[in-house]
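Comments concern the structure below.
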């Protein structure tokens, strides 16, 4: 009995040992999805691939059904060798199908690593779509209904008012005919307008004189304030902040992401205009940045507008060019100098070394760009009189610089190039910055 | 009584009328003489009616194919945006004038490259910090991949874009592209303590095709 038990126990022990062995060996062979995910992230696979969506490379879900494991291992580790040395027809076809955007070489991954990654792709849970967020597009549109209703109401009430006034008049006339004694004061001589509103003898003066006098007073005030209004408001678009066709946020791009203004307005140093970027510039980032995580898997509606304008198909093949039916975006111009005034960006930015903010304000803090300065001539002239120009190594100011140096050597402290605080000050005005024909011709 | 009412309503109407021409929000306000504000001639960013002659109603047109704007004659690049073109670009070398000395490469790098690749090329720019999925497979310019990457291939990438990176041909002139490449290679060599910045000034522009 006793040895028998040992034998039986031995059996059990051996059985469990065999099982343990087989389990551990099984664990070694079995692809490890967890490790696969780590490798997937560590090698930035996600910069070119997504599981359920085509990015630069194809969507990876179901890749194990499209190719054999050996094929995938060879492809991932060195697709170039696979294509060029082994001349695998499937590999060459895949390369050409994806716009010949060659995949990087990952010889740092062992075949077991690649199998782990495939396991991760196989076992990754399908994306769960959250409850659809209904974006109310109706509220985005300009709604004029309220205004039309108000106008209609005003019209109706005016008609009612007129009718009531007529009724009242008729009733009065009827009443006066019946009881003329109650309406005697109506028959008394009528007082003039000025007699009513002016006290005593003032009201009895010649109405023509009084009329002219009051016109002079009222007209004087109107002219004074009207002139001020016309000069500071009419044709001055300070505060203009129109809604643009794409809700581009300068606060996000220039502020939070610290993009240099010149990344988009690239011609500002070379041209009269600080260029509005071509949509191709947007695509440098927005080919990849689609903010799908914020819009429940959908591409952001604003970014979709870029794609629509370019006729670009985000689901198309890698390296695919834009379509043949583009619709350029009509941005709304904010800063607008009259046609009779000349302004050149390169002159101010490259030669004058002015920052964008000098004229445009803190654009990097604006969600919607607003015109911060009046752009009136007086505003231009103020700066031309007061701005200190960096004249060193500035060929445009060379002559003025030499002249000032000579003048200071001759006149010492009495030179006209000293400003009130005793420092040398060279301004655009000294270099002809106030001449009419510099800006008006 | 009536007179006071007239004055009250009159002034309300007048102020309403006046405030209508003050620019704010979507309203640009009134103008004295719009025909003095808006050029009759075509201007690049004129906010006028749709252009009746040009395609898409735009004032600007693309240059005629095969023409070169005055002062814009630059290196010609014949390789095409294909896998073969990318491989062939490895044979290109930078022109002699592309050096680090004038600082142009660094200046342009800081405008056009830092948003993603960071000021030292560690892929730590603000855009990459926010959208990590855009990062390339290599870690930074100190990576062997960039150190051994031929300059010509970088030129091809700047010209046509690669993977998530778009084409920067419209913002970087060919001369500037080479200078930026020199600066990228300089940053790459700075990545390790042993390497020192060497800029070959005797290399010449390779003839392709």
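Just checking the listed ones, A:176, A:429, A:124: in the Gaussian network model of chain A with Cα springs under 10 Å, the one fluctuating most is A:176. A Förster radius of 35 Å combined with the Cβ-Cβ distance from residue B:12 to residue B:35 puts the calculated FRET efficiency at roughly 0.60. Available extension along the chain between residue A:225 and residue A:168 is 16.4 nm, counting 0.36 nm per residue and deducting the alpha carbon span. For the pair residue A:212 and residue A:278, label points projected 7 Å from Cα toward Cβ lie 7.1 nm apart. Exposure proxy ranking for B:138, A:202, based on other Cβ atoms within 10 angstrom of each Cβ and starting from the fewest, stands as A:202, B:138. By other beta-carbon atoms within 10 Å, ranking B:37, B:56 with the fewest at the front produces B:56, B:37. Each of B:104, A:66 was scored by other Cβ atoms within 10 Å of its Cβ. Listed from fewest to most, they are A:66, B:104. Counting Cβ atoms of other protein chains within 10 Å of each Cβ in A:353-363 and taking the mean gives 0.
Axis of helix A:2-29 versus longest Cα principal axis of chain A: the two differ by about 50°, to the nearest ten degrees. With each label modelled as a point 7 angstrom along the Cα→C-beta vector, the residue A:61-residue A:252 pair spans 2.6 nm. One Cα centroid belongs to the stretch B:134-187, the other to the stretch A:67-117; the line between them spans 24 Å. The eigenvalues of the Cα gyration tensor, multiplied by 5 and square-rooted, give the protein assembly as shown an equivalent ellipsoid with semi-axes of 70, 42, 23 Å from largest to smallest.
Find how much the distance from residue A:435 to residue A:182 grows on full extension, using 0.36 nm per residue of separation minus their present alpha carbon separation; answer in nm with one decimal.
83.2 nm
The gain in end-to-end length when the residue A:325 to residue A:198 segment is fully stretched comes to 38.3 nm, 0.36 nm per residue minus the alpha carbon separation. For the protein assembly as shown, adding -39500 (n - 2.57) for each run of n ≥ 4 DSSP H residues and dividing by the number of residues yields -13000 deg cm²/dmol at 222 nm. Note on residue B:132 and residue A:420: their simple-model spin labels are 5.7 nm apart, each label 7 Å out from Cα toward Cβ.
Rounded to the nearest 0.05, what FRET efficiency do residue A:93 and residue B:90 have when you use their Cβ-Cβ distance and R0 = 25 Å? Given R0 = 25 Å and the Cβ-Cβ separation, E is 0.55. For chain A, the longest principal axis of the Cα atoms and the long axis of helix A:33-42 meet at an angle of about 50 degrees. Solvent-free Debye calculation, one equal scatterer per alpha-carbon of the stretch B:83-190: log10 I(q)/I(0) at 0.15, 0.16, 0.24 Å⁻¹ equals -0.59, -0.67, -1.62.
With the convex hull drawn over the C-alpha atoms of the stretch A:265-367, the volume per residue is 147 Å³. If you plug the beta carbon distance of residue B:45 and residue A:291 into 1/(1 + (r/R0)^6) with R0 = 30 Å, you get a FRET efficiency near 0.60.
Largest mean-square fluctuation among A:53, A:305, A:423, in a Gaussian network model of chain A whose springs join Cα atoms under 10 Å apart, belongs to A:423. Placing a label point 7 Å from the Cα of residue A:54 along the Cα-to-Cβ direction, the residues of the stretch A:93-109 whose backbone N falls under 20 Å from that point are A:93-104. Hydrodynamic analysis of the stretch A:183-310 uses the Kirkwood radius over alpha carbon pairs. Inserted into Stokes-Einstein at 25 °C and 0.890 mPa s, it gives a translational diffusion coefficient of 113 µm²/s. Backbone N atoms of the stretch A:108-122 closer than 14 Å to the 7 Å Cα→Cβ label point of residue A:35 belong to residues A:109-120.
Cα centroid separation, the stretch B:47-120 to the stretch A:383-437: 38 Å.
Each value in this text was obtained by applying a stated rule to the coordinates, not by laboratory testing. Since this is a predicted model, take the numbers as computed values, not measurements. Note that we place each Cβ from the backbone using ideal geometry, even for glycine, and neighbour counts take in every protein chain shown.
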